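What follows is a set of notes on a single structure, which appears directly below.
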Amino acid sequence: QVQLVESGGGLVQPGRSLKLSCATSGITFSIYVMGWYRQAPGKQRELVARITRDNSTNYADSVKGRFTISRDNAKNTVYLQMNNLKPEDTAVYYCQADFLGVGSWGQGTQVTVSS
């Protein structure tokens, strides 16, 4: 059974940092493309960052230079380091595991950026 469990969200002031984690089980983690997506109220879910099994990464333009995705294959976990957070980063953040176009999702973790 595939499980993805996100953690690390919360309420943070603008300019501060958060690090999200997504722990997985039930998959051969090292061969999966892992991604972080987010969905703000009233908006569609959007890609934030992805990392392939050879550690190639890509980011949404809105987070380039501020967010960093990484993976630890020994821990079956993917991370999203978010720096210099802005109010527009407020959303539910979801982890996705993708293998050959078949994706599995976590339940999401709320990130709220507000003073």
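The values are calculated or read from the model by the stated rules, or taken from the named source; none is laboratory data. The structure displayed is predicted, hence computed values, not measured ones. Cβ atoms come from the backbone with ideal geometry, glycine included; neighbour counts cover every protein chain shown. The area values use the complete protein model at the heavy-atom level, side chains included, leaving out ligands, DNA and RNA. Shrake-Rupley method; radii C 1.70, N 1.55, O 1.52, S 1.80 Å.
Every condition in (1) more than 17 Å from Gln3 (Cα to Cα); (2) out of contact with any helix residue (DSSP H, G or I) (no Cβ under 7 Å at 6 or more places or on another chain); (3) open to solvent by less than 70 Å² (accessible area, probe 1.4 Å); (4) of a type in the set (A, V, I, L, M, F, W, C) is met by Val111 except one, and the failing one is (2).
Filtering Thr57, Thr68, Thr52 for residues that are within 22 Å of Ala23 (Cβ to Cβ) and open to solvent by less than 50 Å² (accessible area, probe 1.4 Å) leaves a single hit, Thr52. Considering only the range 71-98, state which residues are part of a strand (DSSP E or B), farther than 12 Å from Ser25 by Cα and of a type in the set (S, T, N, Q). Across the range 71-98, the qualifying residues are Gln81, Gln96.
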